[in-house]
Amino acid sequence: MPSLPPTGPSAFPSPASSAPQGRAAVLCGLAGWVPPRVVTNEELSRRLDTSDTWIRTRTGIGQRHFVEPGQATSDMAVEAGRRALRSAGTDTVDAVVVATTTPDRPCPATAPVVAARLGLDGAAAFDVSAVCTGFVYGLASAAGLIAAGVAERVLLIGADTYSSIIDPDDRSNAIIFGDGAGAVVLRAGSPDEPGAVGHFDLGSDGSNEEMIMVAAGGSRQRTSPGEVSREDRHFSMRGREVFRHAVTRMAASARNTLALADRKAEDVDHFVPHQANLRILRSVAEDLGLPMDHCVSNVESVGNTGAASIPLALTDAAARGTIRPGDNVLLTAFGGGLTWGSCFLTWPALAQPGLPHDQGEELAS
Ligand code: COA
């Protein structure tokens, strides 16, 4: 088995890996939303050669949520975004950033239509594409906009409709992924106040792009009717190798971030990793020397929701009162690209969000 490239401290002395100074982005709103349709392991087992026991044992996943036909990433993003704005007590932002692997269309980006539907016309709006690391990359991008004085307030939404790119007959991937959206609002503040997001570690390894990909539909392999195989149209993943890279990269990135923040693993009250699968989370937590009760996980109820997974896990934990003001929180993600990233913050006093599956109100049209 080939060894992984080195995973020492980030090789790039970019602003993304340096401590914040002066103006910082401060978390002031949080929310999540998953569509009402629940797809249980039993339901998948009726169609695929798999079982609830196999799925739970290998991934820790018990169910996932899928959008209804006709619903797209922006529909979920609007719902999560609306809730996050309400949580922040604001109806204006200067920028809307949508982290997604499943935009509504190849062109244009999904963020502008989300902004328009939220009544945020005129705000800067763009997508971030970093697969399951998208939320952490988006957080760094939003923090950069605020630190540079380009924006006072940013709405960042992680939203993915994996059901639109997974081959429903591919039992290896169909069991893992679900749909959902999570959102945060960031405002300008100071680096030493609770909620300030600051110490980031970001990285990538494009030499392994084939490990997680949708082969066709871009400029490399164009989609012409009748020319693209079913396999190339859908999401593919080399599960075992991804597992190994995910554990190594997430643990290294988490360590780098703790070092940048001048913290130790024992300072972490809540480790909130990308919810890839429970075995990956356990392995990373163990590698870092963190007890599992410090590891936030909602993967059992939503599966792997890509760029939505960290804000959904945060929303779930905040709604249940698990994460409280003053707690130290470490976010770590890994995804296609390959990409990885982490961020450390102290939890601020926020309006308590509702649980992502509480529908409360109709999906915005
Ligand atoms: N049900 C039953 N059997 C399944 C199955 C399923 N849903 N999916 C695969 N299998 C079978 C395989 O066909 C294979 O059978 P074989 O030994 O007869 O060939 C066997 O299980 C082992 O397959 P393998 O892919 O090696 O299993 P695994 O133990 O690596 O588990 C994953 C598969 C996908 C669960 C695991 O690799 C994984 O979790 N990878 C990381 C995925 C992930 O989280 N990605 C997100 C990162 S952002």
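The values are calculated or read from the model by the stated rules, or taken from the named source; none is laboratory data. It should be emphasised that the depicted structure is a prediction, and the values quoted were computed from it without experimental measurement. Cβ coordinates were reconstructed from backbone atoms using ideal geometry, including for glycine residues, and neighbour counts include every protein chain displayed. When the accessible area is computed, the model is the full protein with side chains, heavy atoms only, and any ligands, DNA or RNA have been set aside. Shrake-Rupley method; radii C 1.70, N 1.55, O 1.52, S 1.80 Å.
When segment 141-162 is filtered for residues that are part of a helix (DSSP H, G or I) and crowded, with 24+ Cβ neighbours inside 10 Å, the ones remaining, listed by number, are 142, 143, 146, 162. The test for being at pLDDT below 95, within 18 Å of the chain's Cα centre (by Cα) and within 16 Å of the ligand (Cβ to nearest atom) holds for residue 242.
For segment 256-282, the tally of residues that are surrounded by fewer than 22 Cβ atoms within 10 Å (Cβ to Cβ) and either without any contact (Cβ under 8 Å) to a residue 40 or more places away in the chain or charged (D, E, K, R) (or both) stands at 9. Residues that are in contact with a helix residue (DSSP H, G or I) (Cβ under 8 Å, 6 or more places away or on another chain) and not in a helix (DSSP H, G or I) occur in segment 72-82; there is at least one. Counting only residues that are touching a residue at least 60 places away in the same chain (Cβ under 8 Å) and either part of a loop (DSSP other than H, G, I, E, B) or of a type outside the set (Lys, Arg) (or both), segment 215-241 holds 8 of them.
Of the residues 127, 94, the single one that is in contact with an Asp or Glu (Cβ under 9 Å, 6 or more places away or on another chain), within 30 Å of residue 191 (Cα to Cα) and away from the ligand (no atom under 16 Å from the Cβ) is 94.
Of all the residues that make up segment 30-69, how many are more than 16 Å from the ligand (Cβ to nearest atom) and open to solvent by less than 80 Å² (accessible area, probe 1.4 Å)? Let's see the steps before the verdict.
Of all residues in segment 30-69, those more than 16 Å from the ligand (Cβ to nearest atom) come to 30-38, 65-69.
So of that shortlist, the ones also open to solvent by less than 80 Å² (accessible area, probe 1.4 Å) come out as 30-35, 38, 65-67.
The qualifying residues number 10.
Going through (1) over 17 Å from residue 275 (Cα atoms); (2) open to solvent by 20 Å² or more (accessible area, probe 1.4 Å); (3) not hydroxyl-bearing (Ser, Thr, Tyr) one by one, residue 240 falls short only on (1).
How many residues, within segment 163-210, are in a loop (DSSP other than H, G, I, E, B) and closer than 25 Å to residue 127 by Cβ?
Start the filter on segment 163-210 by keeping residues that are in a loop (DSSP other than H, G, I, E, B), which leaves 165-170, 175-176, 178, 190-195, 198, 205.
The next check asks that each one be closer than 25 Å to residue 127 by Cβ; those that pass are 165-167, 176, 178, 195, 198, 205.
Residues meeting the conditions: 8.
Residues of segment 288-297 include none that is within 19 Å of residue 196 (Cα to Cα) and within 16 Å of the ligand (Cβ to nearest atom). Just one of the listed residues (278, 314) is more than 11 Å from the ligand (Cβ to nearest atom) and either in the same structural domain as residue 242 (by the TED database) or of a type in the set (D, E, K, R) (or both), and it is 314.
Counting the residues of segment 165-204 that are among the charged types (D, E, K, R) and within 24 Å of residue 299 (Cβ to Cβ) gives 6.
Only one entry of 224, 253, 309 meets the criterion of being open to solvent by 10 Å² or more (accessible area, probe 1.4 Å) and either in contact with a strand residue (DSSP E or B) (Cβ under 7 Å, 6 or more places away or on another chain) or of a type in the set (Ser, Thr, Tyr) (or both), and that entry is 224.
Under the condition of being out of contact with any strand residue (DSSP E or B) (no Cβ under 9 Å at 6 or more places or on another chain), among the small types (Gly, Ala, Ser) and within 14 Å of the ligand (Cβ to nearest atom), the residues counted in segment 201-221 number 0.
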